[in-house]
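Beneath this line is the structure, given in structure tokens, with notes to follow.
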Amino acid sequence: MMFLGQAQAWWHGRSDRERLMLGGLGIVLAALIGWYGVVAPLSRASAALHAQRQEAEADLALASAAAGRTAGRPSTESSRSLAAIVDASTAAVGIAIERRREDADGGLTVWIASVEPGLLMQWILALRTGQGVAVSALAVSRADASSLEVEIALSRKPG
């Protein structure tokens, strides 16, 4: 109680101009603490959770695609075109195809401008095990620090 009385006496001892400046400083200080202590950490946490969710959804789509083929269900892949299989699988995992070329031998070459390495390998594995698609050629270069630029030639697995 004694401290509160001393603080009140100190506050009333300030001129109106000093009180206005100290009040403004208090508002700025509260805003900074609110921003850097609450808003920014929550924003970073939200972005991290969003990235984890996207990764989990991609993993689920790949696992579902692979499980559909290996669970003994009848395969409808032989009636689907290679382009349709690739389009469906890239859409399921969130990979954007920049351009594509259908080859004379029935193969398909696709160019991907930016993809994370782990996602690329999971997609290729799901195509191979779950869809009966083989990689006939692969050219990879670094797009930036965390992604790759890919040219991949795909064909149906013999058999």
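Once segment 1-60 is narrowed to residues that are among the polar types (S, T, N, Q) and either open to solvent by 60 Å² or more (accessible area, probe 1.4 Å) or touching a strand residue (DSSP E or B) at 6+ places or on another chain (Cβ under 7 Å) (or both), the residue that is modelled with the lowest pLDDT is GLN54. The residues of segment 110-159 that are modelled with pLDDT of 90 or more, among the β-branched types (Val, Ile, Thr), surrounded by fewer than 17 Cβ atoms within 10 Å (Cβ to Cβ) and closer than 17 Å to ILE85 by Cα amount to a single one, VAL135. Among the residues of segment 71-82, none is identified as at pLDDT 55 or above, open to solvent by 20 Å² or more (accessible area, probe 1.4 Å) and aliphatic (A, V, I, L, M).
Screening GLY68 with (1) more than 30 Å from SER89 (Cβ to Cβ); (2) open to solvent by less than 60 Å² (accessible area, probe 1.4 Å); (3) modelled with pLDDT under 90 gives one miss only, at (1).
Looking across segment 95-109, the residues that are surrounded by fewer than 19 Cβ atoms within 10 Å (Cβ to Cβ) and not polar (S, T, N, Q) come down to ALA96, ILE97, GLU98, ARG99, ARG100, ARG101, GLU102, ASP103, ALA104, ASP105, GLY106, GLY107.
The values are calculated or read from the model by the stated rules, or taken from the named source; none is laboratory data. The shown structure was predicted, so the numbers you read here are calculated from the model rather than taken from an experiment. Ideal geometry is used to build each Cβ from the backbone, glycine not excepted, and the neighbour counts take in all protein chains shown. Each accessible area value is taken on the protein alone, full model and side chains, heavy atoms only, with ligands, DNA and RNA left out. Shrake-Rupley method; radii C 1.70, N 1.55, O 1.52, S 1.80 Å.
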